[in-house]
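Q: Quick one: this structure, given as structure tokens, is what I'll be asking you about.
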Amino acid sequence: MVWGRRSGWRSWLLHGGLIAGAFAMIYPLLWMVGSSFKPDSQIFTELSPLPRGLDFANYARGWTLGTGMRFSVFYVNSFIVCAGAIAGNLFSCSLAAYAFARIRFRGRRVLFAVMLGTLMLPFHVTIVPQYIIFHTLEWTNTFLPLIVPKFFAVDAFFIFLMVQFIRSIPLELEEAAMIDGCGRFGMFIRIILPLIKPALVTTTIFTFIWTWNDFFSQLLYLNTQDNYTISLGLRQFLDSSGASAWGPMFAMTSLSLLPVILVFLFFQKRLVEGIATTGLKG
């Protein structure tokens, strides 16, 4: 009986601590969303995340940026960049993963180790040579530097993810297809791709989130407001003189989070499945 009481108190303390930790983590998000409905004079004077009333003036001001340029332009640009990056990663990483997992060629292990080694290479090391190349090609201030490299399997994490999935597929399926006269590309399209769907969904989700939230690359290559994405559009509300429009910025930031949250909610099961089954077979 005493043990039951102790375990009951421990359970209450554990759940209470988890709830308190969850609230501490989600409080900044709640405060930002609540502040998007407050006038600027109340944003930094009230700690409560709940607004006194629902005032959509910040959303109206933020959507037009006060200059006539609508925030929808940034949304469209972000979706274009995300769609191109997703298509590039799905196409190139799946082909590279199939080559590493199934095709026996000289230097395969060495190239695979070098590919994994690029995961430890800081992004900032390659900034200058990449910018020189894209500037020479006159691709700056376009979406090309953000999309075209994705078609050359530059994300080693997704290649490794798909390699592990392909290795878990029985070879007998491909051997049977080969006996029936199916070639390498046919086996890849008809057998491999349908069976690695969780890895493809995981690649899509991560590519979308990382590209949507990317700031540095887009700041480096996009120079005009017409080409700005969401990340660069939010920067327009900041003023170095201190006259930042906090209310509209919080309103547009709240709207910019919606696609990421919706993608995660709708594909959460696939995401967990894709990560959980990675590495089951080496």
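Q: Would you mention how many residues in the stretch 202-230 are of a type in the set (Val, Ile, Thr), at pLDDT below 90 and surrounded by fewer than 17 Cβ atoms within 10 Å (Cβ to Cβ)?
A: Qualifying residue count for the region: 1.
Q: Counting just the residues of the stretch 231-245 that are at negative phi, in a loop (DSSP other than H, G, I, E, B) and surrounded by fewer than 19 Cβ atoms within 10 Å (Cβ to Cβ), which one comes out modelled with the highest pLDDT?
A: Applying the filter and picking the extreme gives LEU238.
Q: Evaluate the stretch 212-226: report whether one residue or more is farther than 30 Å from ILE133 by Cα, in the same structural domain as LEU119 (by TED's automatic domain parsing) and hydroxyl-bearing (Ser, Thr, Tyr).
A: There is no residue in the stretch 212-226 that is farther than 30 Å from ILE133 by Cα, in the same structural domain as LEU119 (by TED's automatic domain parsing) and hydroxyl-bearing (Ser, Thr, Tyr).
Yes/no matrix, rows are residues, columns are (1) at pLDDT 80 or above; (2) touching a Lys or Arg at 6+ places or on another chain (Cβ under 8 Å):
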position	(1), (2)
TYR27	yes, no
LEU30	yes, no
VAL33	yes, no
ASP40	no, no
PRO49	no, no
THR64	yes, yes
GLY68	no, no
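Q: Which of (1) aliphatic (A, V, I, L, M); (2) in the same structural domain as GLY233 (by TED's automatic domain parsing); (3) part of a loop (DSSP other than H, G, I, E, B) does LEU47 not meet, given it meets every other one?
A: The single condition LEU47 does not satisfy is (2).
Q: Taking the conditions exactly as written (touching a Phe, Trp or Tyr at 6+ places or on another chain (Cβ under 9 Å), outside the structural domain of LEU238 (by TED's automatic domain parsing) and not hydroxyl-bearing (Ser, Thr, Tyr)), does GLY62 satisfy them or not?
A: yes
Q: Sticking with this one: Looking only at the stretch 45-88, how many residues end up being within 30 Å of VAL148 (Cβ to Cβ), surrounded by fewer than 16 Cβ atoms within 10 Å (Cβ to Cβ) and among the hydroxyl-bearing types (Ser, Thr, Tyr)?
A: 1
Q: Within the stretch 94-130, can you find the residues that are aromatic (Phe, Trp, Tyr) and surrounded by fewer than 16 Cβ atoms within 10 Å (Cβ to Cβ)?
A: PHE105, PHE123
Q: Scan (1) farther than 25 Å from VAL33 by Cβ; (2) modelled with pLDDT under 85 for the single condition PHE267 breaks and write down its number.
A: (1)
Q: Within the stretch 86-98, does at least one residue satisfy the condition of being without any contact (Cβ under 8 Å) to a residue 40 or more places away in the chain and small (Gly, Ala, Ser)?
A: Looking for residues that are without any contact (Cβ under 8 Å) to a residue 40 or more places away in the chain and small (Gly, Ala, Ser), one finds none in the stretch 86-98, hence no.
Q: Moving to a separate point now. Given the condition closer than 20 Å to ASP214 by Cα and over 21 Å from the mean Cα position of the chain (by Cα), answer yes or no: does some residue in the stretch 167-179 qualify?
A: Within the stretch 167-179, none of the residues are closer than 20 Å to ASP214 by Cα and over 21 Å from the mean Cα position of the chain (by Cα).
Q: Within the stretch 129-140, identify whether any single residue is among the aliphatic types (A, V, I, L, M) and touching a residue at least 60 places away in the same chain (Cβ under 8 Å), and answer yes or no.
A: no
The values are calculated or read from the model by the stated rules, or taken from the named source; none is laboratory data. Because the structure is a prediction, the values reported are computed rather than measured. Here the Cβ is made from the backbone with ideal geometry for all residues, glycine too, and neighbour counts use every protein chain on show.
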